Amino acid sequence: MHIAVIGSGYVGLVTGACFAEFGVTVTCVDNDAEKIERLNQYKIPFYEPGLEDLVRRNAEQGRLFFTTDLGAAVSEALVVFIAVGTPPQEDGSADLSYVEGVAREIAKHLTSYKVIVTKSTVPVGTGERVRSLIEAERKEGVDFDIVSNPEFLREGAAIEDFMRPNRVIIGARSQQAVAIMKDLYRPLYLIETPFVITNVETAELIKYAANSFLAVKISFINEMSRLCEQVGADVNVVAKGMGLDGRIGAKFLHAGAGFGGSCFPKDTRAMLKIAADHGVPFEIVRAAISANERQVARNAERILAVMGADLKNMSIAVLGLSFKPNTDDIREAPALRLIGQLQAAGAAIRAYDPVAMDNARNALPEVRFCRDAYDACQGADAVVIMTEWNQFRNLDLARIKKSMRSAFFFDFRNVYDPAKVRAEGFEYRSIGRP
Ligand code: UDX
């Protein structure tokens, strides 16, 4: 089977490469000629573990192609995935201009029956919008179907999440389209991956519902962490105790610096807008968003409360800039907000991140980017862990203590055991723990 994937970003490139790994012939399309040029040299425009090898292997074996020619890719394909960005607009709604632009382009090249699939996270009703756009512009009499097949790819684990998904969601009207999608996903069918077959609107909503609920879980435990700090409880143990209840589950109950990234902030705001547009009050998701705002803002407040409001002449080492480990993505990363607030208080910032420093350079002009965690801590008055990269989990604390000017240690991802760090002479603070 031949498929086309329009949009070669975080979602489209992983989707295309993984389908090629399944033996499907895939053409990835992007309107950024420079990106396509680099992809043809197997250069990946972002950090995603394992993706370079996957792309190289499948391209060399003649199953994966990259082009800017959308028309050619679409006319050869039976299934066309729309995987372009749906960035948030001011009012929180998703900007669908890229999706709509691609839909019109596809319509022009609809020469035979095709299945048009929205892979990007799109508001409920987008499938129908795409259908009407294509109907209006396509050649008379050429048939097509619309499918919603939302992605559940976590950055840093995207290939794993594609190859071994918890479920595949297929929203469609026609049985023919469902049959074609099942055929495309047959390798997953064979490993008994659960398939949820439903209508387009339900499939679109499942994605928002899942991400919004995950965000609610994180904000729940983050708010719980603030109460733990007041009453002397340990939020990690509260999370463990809660999570052992099979109805709750242990995942996404890690209290921390607040959630960031390109999905949760965008999808929760879009969720609110979708609900508001349909006159449905959505107070729980709204509360999760404002709880996260407070959690992200609080990181700097806690540092100022301990070190004083005036940080002039203070040097602070920030370990981790990406919004989570195993990605170079700094979108809505809590570390960026923290650095801005500390600089406003007069602090000089030294930062280290294993992969995100290139992306952060233009966003953080005054920051001194360091070689590694130890370099960052050199002469610093405080060290702040903002992203729980594995390489930060067993730092030589004695060496760091010796190299620092003062001994403040803020662990906003609860990486360390408080007793251990305090035993090294640090003034230690973490999230939701004594
Ligand atoms: C998320 C969804 O998990 C994925 O299914 C969807 O397709 C895209 O959005 P992603 O944003 O890549 O994936 O990262 P994820 O691992 O979900 O974490 C999101 C944010 O929540 C990160 O900032 C992370 O630090 C934070 N987080 C996650 C917590 O603070 N606590 C947790 O327990 C889990």
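In this structure, does residue 207 turn out to be within 11 Å of the ligand (Cβ to nearest atom), outside any helix (DSSP H, G or I) and basic (Lys, Arg)? No. If only residues of segment 261-293 that are closer than 30 Å to residue 370 by Cβ and at pLDDT 95 or above are counted, the one that is nearest to the chain's Cα centre (by Cα) is 261.
Would you point out the residue of segment 303-323, among those that are more than 16 Å from the ligand (Cβ to nearest atom) and not in a loop (DSSP other than H, G, I, E, B), that is surrounded by the most Cβ atoms within 10 Å (Cβ to Cβ)? Of everything passing the filter in segment 303-323, 317 is surrounded by the most Cβ atoms within 10 Å (Cβ to Cβ). Within segment 387-411, the set of residues being assigned to a loop (DSSP other than H, G, I, E, B) and touching a strand residue (DSSP E or B) at 6+ places or on another chain (Cβ under 6 Å) comprises 407 only.
When the residues of segment 354-364 are filtered to those that are open to solvent by less than 100 Å² (accessible area, probe 1.4 Å) and part of a loop (DSSP other than H, G, I, E, B), which remaining residue is nearest to residue 319 (Cα to Cα)? So the residue we want is 354. Checked against (1) buried (at least 18 other Cβ atoms within 10 Å of the Cβ); (2) within 21 Å of residue 432 (Cβ to Cβ); (3) away from the ligand (no atom under 11 Å from the Cβ), residue 245 meets all criteria but (1). Within segment 152-188, the set of residues being surrounded by fewer than 14 Cβ atoms within 10 Å (Cβ to Cβ) and away from the ligand (no atom under 16 Å from the Cβ) comprises 175, 176, 179, 183, 186.
Does residue 224 fit the bill of being part of a helix (DSSP H, G or I), open to solvent by less than 40 Å² (accessible area, probe 1.4 Å) and either in contact with a His (Cβ under 9 Å, 6 or more places away or on another chain) or touching a residue at least 40 places away in the same chain (Cβ under 8 Å) (or both)? Criteria not met by residue 224. Looking only at residues in segment 1-15 that are assigned to a loop (DSSP other than H, G, I, E, B) and farther than 22 Å from residue 113 by Cα, the one that is most open to solvent (accessible area, probe 1.4 Å) is 9. Flag not set for residue 348, criterion: farther than 30 Å from residue 46 by Cβ and away from the ligand (no atom under 16 Å from the Cβ). Which residues, taken from segment 46-76, are open to solvent by 60 Å² or more (accessible area, probe 1.4 Å) and part of a loop (DSSP other than H, G, I, E, B)? Passing the criteria: 47, 61, 68, 69.
Considering 238, 200, the condition of being open to solvent by less than 60 Å² (accessible area, probe 1.4 Å) and touching a Cys at 6+ places or on another chain (Cβ under 8 Å) is satisfied by 238 alone. Pairs, please: C-beta under 9 Å, at least 6 apart or cross-chain, first residue over 17 Å from residue 207 (Cα atoms) and open to solvent by 50 Å² or more (accessible area, probe 1.4 Å) and in segment 259-286, second within 16 Å of the ligand (Cβ to nearest atom) and assigned to a loop (DSSP other than H, G, I, E, B)? These pairs meet every condition: 277/123. Note on segment 93-127: residues that are of a type in the set (Gly, Ala, Ser), under 18 Å from residue 200 (Cβ atoms) and over 21 Å from the mean Cα position of the chain (by Cα) total 4. Six or more apart or on different chains, Cβ atoms under 8 Å: show the pairs whose first residue is in segment 32-50 and β-branched (Val, Ile, Thr) and whose second is in a loop (DSSP other than H, G, I, E, B). Once the first residue is β-branched (Val, Ile, Thr) and sits in segment 32-50, its partners that are in a loop (DSSP other than H, G, I, E, B) give 36/8; 36/30; 36/68.
On the stretch given as segment 337-353, residues that are among the hydrophobic types (A, V, I, L, M, F, W, C), without any contact (Cβ under 8 Å) to a residue 60 or more places away in the chain and in a helix (DSSP H, G or I) total 3.
The values are calculated or read from the model by the stated rules, or taken from the named source; none is laboratory data. Just so you know, these numbers come straight off a predicted model, no measurement behind them. FYI the Cβ positions are ideal-geometry reconstructions off the backbone, even for glycines, and counts take in every protein chain you see. With ligands, DNA and RNA removed, areas are computed over all heavy atoms of the protein, side chains included. Shrake-Rupley method; radii C 1.70, N 1.55, O 1.52, S 1.80 Å.
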